[in-house]
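Engineer: Dropping the structure in here first, questions after.
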Amino acid sequence: MIARFIALAALVSVSSGIAGPPHRAPPLPAGTISGKVTYTGTLPKLRPIDMAKEPNCVTQHPTPVMTQDAVTGPANSVRYVVVYISAGDQGAPAATDTVHYDQKGCLYIPHVAAMQVHQPLAIFNDDPHSHNIHPLARVNPEWNKSQPKGAPPIRTSWDQPEFIAVKCNVHPWMHGYFVVLVTPHFTVTDSTGEFSLTGLPAGKYTVTAWHERFGTQSQEVTIGGSETKTANFVLTARPY
Amino acid sequence: MKPQTRWMSLVSACGAALLLAGVTPAPAVAQEAHVGTLTGHAAAGKPLYTRYCAGCHGDDGDAQGENAMWIDPKPRDFTMATFKCRSTPSGSLPTDQDLYNSVERGFVTTNMPPWVALTPQNRINLVAYIKTFSPRWRTAKPGTPITIPAEPTATIQSILHGRQLYQRMECWKCHGPAGHGDGPSAHELTDNKDDPIRPYNFETGSRFMCGTANQDLYRIFMTGLDGSPMPSFADQLSPAEAWDLVHFLRTLQPLKTRESAIWHEWAATHAGELKPIGPEGGGQ
């Protein structure tokens with residue numbers, strides 16, 4: 001009877017983990033590091049993507065889609081920056097919620113997907129034609145699989161931390177990233193450039209911001225208890 | 001020797017001397033390779049590699065040999081442990097037999113010749129040495145070779161179904177509607193080092209990259225050619241479908257194969273029933 005109760009409790013906790021964002025009880029008190037990522041310098045010129053060879057995708061985009069390697073927002077904010085704890089983290093088992101990576105309109109959505117080592121990853125093809133998914137892994141095994149229209153999602157995970165470029169050879173403009181991290185404390189900025197890393201126990205941390213074109217920056221932040229510290233990043237943009 | 005070249009060799013010689021003096025080299029990893037009754041030893045493979053392979057693949061196995069810049073497609077970079085011709089699923093290491101076959105067979109579409117002039121023992125020694133260039137060989141095992149069921153007899157039905165799959169799997173986007181390697185994506189293909197690469201042109205009638213037999217063709221598209229744009233279709237095709245596709249692909253070659261005989265006999269009277277392969281096509 002007790003065993004059955006434990007099994008039920010475990011089942012409930014697992015299913016609640018699947019439903020929401022990474023869900024684990026942080027030790028109290030827990031602090032937060034928040035901030036904003038902006039750029040200085042000259043931005044590379046974004047170009048419209050020519051999808052002419054895939055008519056399905058041309059019709060999905062009433063206005064041309066611009067390249068996504070340097071997407072910025074108001075007040076010089078930078079999108080698609082991965083902000084994460086690169087040192088000082090006590091470590092945690094891999095999150096069990098599945099990271100979704102979609103192929104739609106001949107684009108990767110999201111352009112940058114961050115995940116933990118061993119965290120489940122599901123890759124979907126929502127387009128009415130074929131894609132091939134080719135993660136150009138160097139530390140993890142590199143693979144390349146076809147996913148025709150209507151095919152079930154490719155379910156996988158990564159064993160080693162790595163920044164993995166992903167491409168579709170059939171549609172060479174399709175380019176994205178799987179950012180595989182050890183820490184459970186990470187986020188990818190939206191167009192506001194703002195971020196917040198929560199649930200951090202007291203300690204000294206290195207916070208790192210990574211952007212595919214503007215490089216990497218780190219700073220050290222000490223969390224004393226239930227407090228919020230600010231860490232802003234100013235990345236240097238170059239036109240080429 | 002130009003002055004600049006001389007200067008550069010001096011610098012590299014100094015660098016090498018510093019390395020020898022100050023840094024302890026990593027201990028050589030005992031590495032073996034096994035095929036049948038043959039056992040290869042990396043230590044025995046090293047001098048052979050230096051003599052026969054390093055010119056293209058580089059002393060360090062990093063594809064930076066002195067000939068590499070003149071070669072297209074580029075030589076394999078053994079430090080990445082990514083190999084095209086495998087019997088194992090995409091993303092896994094090849095078996096020793098796979099590597100041995102590659103050394104023996106060469107790659108018809110590249111500068112890699114068949115090393116049949118070397119003895120079997122020398123070939124397996126080379127395989128053992130090639131496996132010292134990446135740490136993956138110490139941390140991972142080769143994948144389990146895919147199972148290839150017995151080939152069913154080719155019929156016009158299997159060929160026509162294979163033709164539909166060629167349309168539906170969108171093979172034509174790279175290999176072209178007639179298999180001439182001229183699909184809409186063909187000219188923009190790059191490999192895992194961003195070097196340009198061409199899709200196979202069935203019209204050449206040559207051997208395939210990884211063999212000559214129908215089984216080799218089956219294996220190529222079910223395992224994918226890792227590092228190249230050619231993906232694995234193992235999750236998308238049943239074994240029966242894969243054989244149908246093999247039978248159709250054989251008709252794209254200007255060879256007198258059993259499949260092309262069946263195909264041409266049928267097409268002589270039914271060609272008008274075929275929908276073209278391509279953007280508007282339906283396969284049949």
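Coordinate-derived values only; no laboratory data. Remember, predicted model here, so these are calculated numbers, not experimental data. Glycine gets a Cβ as well: all are built from the backbone with ideal geometry, and neighbour counts include every protein chain shown.
Engineer: Quick one: Cα convex hull volume of segment A:35-135, Å³ per residue?
Structural biologist: 154 Å³
Engineer: Taking a point 7 angstrom from the Cα of residue B:67 along the C-beta vector, which residues in segment B:108-124 have backbone N less than 18 Å away?
Structural biologist: B:108-119, B:123
Engineer: Please compute the net charge surrounding residue A:77, taking Lys and Arg as +1 and Asp and Glu as -1 over other residues with Cβ under 10 Å from its Cβ.
Structural biologist: 0
Engineer: While we're looking at this one, here's another question. May I ask you to list the trypsin sites (Lys or Arg not before Pro) in segment A:35-90 that are in a DSSP loop and have at most 12 other Cβ atoms within 10 Å of their Cβ?
Structural biologist: A:45
Engineer: A further question on this structure: Modelling each spin label as a point 7 Å along the Cα-to-Cβ direction, I'd like the residue B:38/residue B:271 distance in nm, to one decimal.
Structural biologist: Computed distance between label sites residue B:38 and residue B:271 equals 4.7 nm.
Engineer: Starting from the Cα of residue A:196, step 7 Å along the direction of its Cβ; do the same at residue A:165; then give the gap between the two resulting points in nm.
Structural biologist: Label-label distance for residue A:196 and residue A:165, simple model: 3.5 nm.
Engineer: What does the charge count near residue A:213 come to, summing +1 for each Lys or Arg and -1 for each Asp or Glu among other residues with Cβ under 13 Å from its Cβ?
Structural biologist: Numbers: positive: A:45, A:79, A:238; negative: A:69, A:212.
My count for the surroundings of residue A:213 gives +1.
Engineer: Which order do B:175, A:134 fall in if you start with the one that has the fewest other Cβ atoms within 10 Å?
Structural biologist: If I rank by nearby Cβ atoms, fewest first, I get B:175, A:134.
Engineer: From other protein chains only, count the Cβ atoms within 10 Å of every residue's Cβ in B:133-141, then give the mean. Present the calculation step by step, with values, prior to reporting the outcome.
Structural biologist: Working: counts 0, 0, 1, 3, 0, 0, 2, 2, 0.
Shielding by partners across B:133-141 averages 1.
Engineer: Work out the mean other chain Cβ neighbour count within 10 Å for the residues of B:234-241 and drop it here as an integer. Each step should come with its number before you reach the end.
Structural biologist: Working: counts 2, 7, 7, 2, 0, 0, 0, 0.
Partner-chain Cβ atoms within 10 Å, mean over residues of B:234-241: 2.
Engineer: Here's a follow-up. Which semi-axis lengths, in whole Å and largest first, follow from the square roots of five times the eigenvalues of the Cα gyration tensor of segment B:30-139?
Structural biologist: Working: eigenvalues 72, 50, 42 Å².
They are 19, 16, 14 Å, listed largest first.
Engineer: Order the peptides A:214-221, B:183-190 from the highest to the lowest mean number of other Cβ atoms within 10 Å of their residues. Please list the in-between numbers first.
Structural biologist: Numbers: A:214-221: 15.9, B:183-190: 17.9.
Going from most to least packed, we get B:183-190, A:214-221.
Engineer: Given 0.36 nm per residue, what is the gain on full extension from residue B:156 to residue B:238 after removing their alpha carbon distance, in nm?
Structural biologist: On the way: separation 82, 0.36 × 82 = 29.52 nm, distance 1.87 nm.
Computed gain between residue B:156 and residue B:238 is 27.7 nm.
Engineer: Separate question: For chain A, would you read off the P(r) tail past 26 Å as a percentage of all alpha carbon pairs?
Structural biologist: Tail fraction, whole percent: 46.
Engineer: Mean residue ellipticity at 222 nm from the helices of the protein assembly as shown, using -39,500 (n - 2.57) per DSSP H segment of n ≥ 4 over the full residue count, to the nearest 500 deg cm²/dmol?
Structural biologist: Calculated mean residue ellipticity at 222 nm is -8000 deg cm²/dmol.
Engineer: Report the Cα-based extents of the protein assembly as shown along its three principal axes, largest first, to the nearest Å.
Structural biologist: Principal extents (largest minus smallest coordinate, Cα): 79, 65, 65 Å.
Engineer: With an 8 Å Cα cut-off and a minimum separation of 6 or more residues, compute the relative contact order for segment B:30-139 in percent.
Structural biologist: It rounds to 37 percent for segment B:30-139.
Engineer: With N set to the number of residues, divide the alpha-carbon radius of gyration of segment A:135-240 by 2.2 N^0.38 Å and report two decimals.
Structural biologist: Here the answer is 1.34, to two decimals.
Engineer: Stokes-Einstein diffusion coefficient for segment A:35-80 at 20 °C in a medium of 1.002 mPa s, Rh from the Kirkwood formula over Cα pairs: what value in µm²/s?
Structural biologist: D, rounded to a whole number, is 172 µm²/s.
Engineer: What's the local net charge at residue A:176, with K and R +1, D and E -1, over the other residues with C-beta under 11 Å away?
Structural biologist: Counting the neighbours of residue A:176, the net charge comes to -2.
Engineer: Find the relative contact order for chain B and round it to a whole percent, using C-alpha pairs within less than 8 Å whose residues are 6+ positions apart.
Structural biologist: 19 percent
Engineer: Another one. Could I have the simple spin-label model distance between residue A:232 and residue B:193, label points 7 Å from Cα toward Cβ, reported in nm to one decimal?
Structural biologist: Going by the 7 Å Cα→Cβ label model, 4.4 nm.
Engineer: Can you compute the charge dipole magnitude of segment B:156-273 about its Cα centre, using +1 on each Lys and Arg Cβ and -1 on each Asp and Glu Cβ, nothing else charged? Give it in debye, rounded to the nearest 20.
Structural biologist: Charge dipole, segment B:156-273, about its Cα centre: 320 debye, nearest 20.
Engineer: Still on this structure: Using C-alpha positions alone, give me the convex hull volume of segment B:156-273 per residue in cubic angstrom.
Structural biologist: Per-residue hull volume (Cα only) is 101 Å³.
Engineer: Continuing with the same structure: Could you give the dipole magnitude of the protein assembly as shown about its Cα centre, charging the beta-carbon of Lys and Arg +1 and that of Asp and Glu -1, in debye to the nearest 20? Don't jump to the answer; show the numbers that get you there.
Structural biologist: Details: 42 positive and 43 negative charges, 126 e Å.
That gives a dipole near 600 debye.
Engineer: Sort largest first and round to whole Å: the equivalent ellipsoid semi-axes of chain B, each the square root of five times a Cα gyration tensor eigenvalue. Kindly include the intermediate steps, with their values, before the conclusion.
Structural biologist: Working: eigenvalues 344, 91, 49 Å².
Here the semi-axes work out to 41, 21, 16 Å.
Engineer: Provide, for chain A, the number of lysine pairs with alpha carbons under 30 Å apart, each pair being eight or more places apart or on different chains.
Structural biologist: Pairs that pass both the separation and distance tests number 18.
Engineer: Something else: Shielding by partners for A:167-179, please: the mean number of other protein chain Cβ atoms within 10 Å of each residue's Cβ.
Structural biologist: 3
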